[in-house]
Amino acid sequence: MGRRVLLIEDEPHIAEAIRFLLTRDGWTVASHGDGSDAMDVIRREVPDVLVLDVKLPGRSGYDILGELRADPTLAALPVLVLSARSRQEDRDMAAEIGASHFMTKPFGNAEIVAALRQMAQT
Amino acid sequence: MPRSALTGTRVRERRLLIGMKQADLARAAGISPAYLNLIEHNRRRVGAELLAALAGALGVEETALAEGAESALFEGLREAAAGLVSGASAGEAEPEIGRIDEFVSRFPGWAALVAVQQGRVASLERSVEALNERMAHDPFLSASLHEVVSAVTSLRSTAAILAETEDIAPDWRERFHANVFEDSIRLSEAAAALVAYLDSSKEAETGLSSPQEEVEAWLARAQHHLAALERGTAPPGESLIAGVPELASGAARKLALAHIARYRADAVALPLERFARVLEEEGPDPAALARRMGTGLAPVFRRLASLPEGMAPPVGLVACDASGTLTFRKPAPGFALPRHGAACPLWPLYEALARPMVPIRAVVEMAGRVPQRFLTYAFSEPRHPGGFDGPQVVEAQMLILPPPEQRGEVERPIGASCRICPRADCAARREPSILAGGE
């Protein structure tokens, strides 16, 4: 069984493209599109890496990240945060809350694959 | 030489620059020193004849002192010079601010160009600040941009997959083709909606996006003075707002009627003629005016901010409720007021809000390209419109006046709002500024 990635992203076409890319790269991909019950899905899936969109229906990605970092069983989970905002203050906020990697939309396909590979190694 | 848009201030600046005594200038211009003092503090307007006499005595062209198109040229040059000086690195040559007159007379074309460019720079900076403010607080704009970014993200990834993956399975290819088609439609619709929204809000760039702004636009056009309400038999409020184009919404008309009712009460309590006479004697000191007129401070604040042009120095007024939300905004030249969101927490207005019934006088320095000083008076008053069992309602007000001529007082550094304030190290900052760099 390959490395497992959970994708929390509400835009189905974006999720589909990422799923395709990561599957071809050897990942086992699960995805979910709602913020309100995302923590339940994360606890159930226990992925190796989490890709987390910021703007989600039901609950903000930052909010989810904060709860995740406060949970000792998930505190070390590598999380790539996807955001449409690229200002330094957004990056700083993501880092402060506990993002392992910050990526802005639109991203390059090679860029996201490389980032996940690197995160899985650390 | 500090900048100012007012003739009196320019007269004073020029006189001090050449080391002339006030009494000597008054004599040369054929007026009393007391009258010159009032002029220099912008409490009296200067007619053409007197302006010529003052200019002659000061050895400058009238245009160097007058307000209007020519003075705008000098103003623009001063502003450009001040901006350059504040942003200059060590060792860079600074503009010869003291030789602006000479520059204008020798190179009028170049001088006009510099001033026009400065105006454009300032205008663009204001637009950038306003747009950034808007992006942060406008939910429609934020949602529209998010829609565009989502569609573009999907298109970019999907198109790259189709272009770069040679061995893509037919079902995936079909699915991605369909996604690209849907996303392109979605993108074009989102872009069209965004353009339509921005176009419509450009029409309303006069800013009439809320009832409060509609009222402010109406009052700005009337220069905040409602002459019809100064008469003993004032017409009903409804007749004053009928057909007013700025008051498009019912909510704005309600707010306008409330403003008229309060204005009318203030005008009865502080009749214009008597108020003007006392103002002449006391100057714009709200405490002295309230004492002489036998009223509270709050009506005096509002009265000072609603006088006809020329009767008092330029007066700004802001008011807020107990939540700190600005409920009234009359701008003072150079004192930036936030259009969206909360104001600078260091405004004396908020200190007054925290200390009801305590009058606060403070000289402040407003951050900006060219920091400017102002004299402020702030006061807040609790009311109980619902009686003993009702809630306490607090309103704070702050008057904004030209600064005192003496520079001895400690100036409080303030800004408009955190998002557009360059004071990087401010202890009261609640969010990062969009402006690069600090002071």
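What the table below lists for this structure:
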| quantity | calculated |
| --- | --- |
| Qualifying positions in segment A:1-18 - more than 10 Å from every other protein chain (Cβ to nearest Cβ) and open to solvent by 30 Å² or more (accessible area, probe 1.4 Å) | A:M1, A:G2, A:R3, A:R4 |
| Residue in segment B:160-175 that is facing chain A (nearest Cβ under 10 Å), open to solvent by less than 60 Å² (accessible area, probe 1.4 Å), within 53 Å of the chain's Cα centre (by Cα) and more than 17 Å from A:E111 (Cα to Cα) present | no |
| Qualifying residue in segment B:299-314 (condition: under 24 Å from B:A228 (Cα atoms), at pLDDT 90 or above, open to solvent by 10 Å² or more (accessible area, probe 1.4 Å) and assigned to a helix (DSSP H, G or I)) | yes |
| Boolean, B:L317 is assigned to a loop (DSSP other than H, G, I, E, B) and at pLDDT 95 or above | no |
| Enumerated helices (runs of 4 or more DSSP H) restricted to segment B:205-292, each holding at least 3 residues that are within 30 Å of B:E40 (Cα to Cα) | B:211-221, B:272-282 |
| Unique match (being at pLDDT below 85 and within 10 Å of chain A (Cβ to nearest Cβ)) among B:L145, B:L155, B:L131 | B:L145 |
| Number of the exception - A:A76 against (1) within 14 Å of chain B (Cβ to nearest Cβ); (2) open to solvent by 30 Å² or more (accessible area, probe 1.4 Å); (3) of a type outside the set (D, E) | (1) |
| Flag for B:E216 being among the acidic types (D, E) and in contact (Cβ under 8 Å) with a residue 40 or more places away in the chain | yes |
| Identity of the residue in segment A:19-28, within 14 Å of chain B (Cβ to nearest Cβ) and of a type outside the set (F, W, Y), that ends up most open to solvent (accessible area, probe 1.4 Å) | A:R24 |
| Matching residues, segment A:34-51, being surrounded by 18 or more Cβ atoms within 10 Å (Cβ to Cβ) and in a loop (DSSP other than H, G, I, E, B) | A:G35, A:P47 |
| Complete set of residues in segment A:12-64 that are over 25 Å from B:H146 (Cα atoms) and among the basic types (K, R) | A:R24, A:R43, A:R44 |
| In segment B:419-434, residue nearest to B:W347 (Cα to Cα) [restricted to those that are more than 12 Å from chain A (Cβ to nearest Cβ), touching a residue at least 40 places away in the same chain (Cβ under 8 Å) and assigned to a loop (DSSP other than H, G, I, E, B)] | B:A428 |
| Complete set of residues in segment B:321-347 that are buried (at least 20 other Cβ atoms within 10 Å of the Cβ) and over 16 Å from the mean Cα position of the chain (by Cα) | B:L346 |
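For every residue, the table says whether it meets (1) under 25 Å from B:T327 (Cα atoms); (2) modelled with pLDDT under 95; (3) not charged (D, E, K, R).
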{"position": "B:Q406", "(1), (2), (3)": "no, yes, yes"}
{"position": "B:R412", "(1), (2), (3)": "yes, yes, no"}
{"position": "B:G415", "(1), (2), (3)": "yes, yes, yes"}
{"position": "B:A427", "(1), (2), (3)": "no, yes, yes"}
{"position": "B:S433", "(1), (2), (3)": "yes, yes, yes"}
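The values are calculated or read from the model by the stated rules, or taken from the named source; none is laboratory data. Bear in mind the structure is a predicted one, so any value in this text is a computation, not a measurement. Using ideal geometry, Cβ is built from the backbone for each residue, glycine included, and neighbour counts are taken over all protein chains shown. For the accessible areas, the whole protein counts, side chains as well, though only heavy atoms, and no ligand, DNA or RNA atoms are used. Shrake-Rupley method; radii C 1.70, N 1.55, O 1.52, S 1.80 Å.
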